[in-house]
Amino acid sequence: MDLWVGIFVTVGFAALLFLAMKVGNMSGYSVGDGYTVHAYFDNVGGLKVRAPVKSAGVVVGRVAEVKFDNKRFEADVVLKIDRRFQFPKDTSASILTSGLLGEQYIGLEAGGDDQMIKDGEAFTITQSAVVLEKLIGQFLYSKASEDDSAKK
């Protein structure tokens with residue numbers, strides 16, 4: 001009986017460890033030999049370092065660094081992309097949300113340019129994270145202006 005309790009506790013501990021690593025983005029894909037690309041966003045929301053970079057649902061890299069650029073007054077997100085994956089220069093980068101816990105990641109949509117982006121260059125087309133508070137504020141403002149125009 002003691003042996004079975006010990007096995008059950010060990011399996012439970014391993015499951016908790018696996019879950020913690022999954023939530024913390026510590027498991028799975030890691031970029032070994034890759035190249036860095038910058039993406040500038042007005043708002044990164046809750047994007048974190050080691051968040052996945054996906055294209056067509058496939059993890060092609062990870063977020064290496066998130067910092068503020070004092071010259072552009074934007075967030076500079078440094079992406080480390082695996083060398084196996086090459087993207088055209090006109091690829092667009094968006095901050096998207098997935099999953100039950102609202103994990104944010106970078107989504108890449110390949111463009112049609114013949115030239116591929118090189119190490120150290122930046123994506124020119126970006127879409128920032130959607131901020132729920134802004135959306136609610138815009139909705140309430142538009143409803144208030146509709147009510148005012150209906151009264152006139």
Do any strands (runs of 3 or more DSSP E) lying entirely in region 72-150 carry at least 1 residues that are basic (Lys, Arg) and either touching a residue at least 24 places away in the same chain (Cβ under 8 Å) or open to solvent by less than 30 Å² (accessible area, probe 1.4 Å) (or both), and which ones are they? 74-82
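If you check Gly34 against the conditions, is it open to solvent by less than 40 Å² (accessible area, probe 1.4 Å), small (Gly, Ala, Ser) and at pLDDT 90 or above? Quick ask: steps written out before the conclusion?
Numbers: open to solvent by less than 40 Å² (accessible area, probe 1.4 Å): yes; small (Gly, Ala, Ser): yes; at pLDDT 90 or above: no.
Answer is no for this residue.
The values are calculated or read from the model by the stated rules, or taken from the named source; none is laboratory data. Computed from a predicted model, the values in this text were never measured in an experiment. We place every Cβ from the backbone using ideal geometry, glycine too, and count neighbours over all the protein chains shown. Accessible surface is based on the protein model in full, side chains and every heavy atom, while ligands, DNA and RNA are left aside. Shrake-Rupley method; radii C 1.70, N 1.55, O 1.52, S 1.80 Å.
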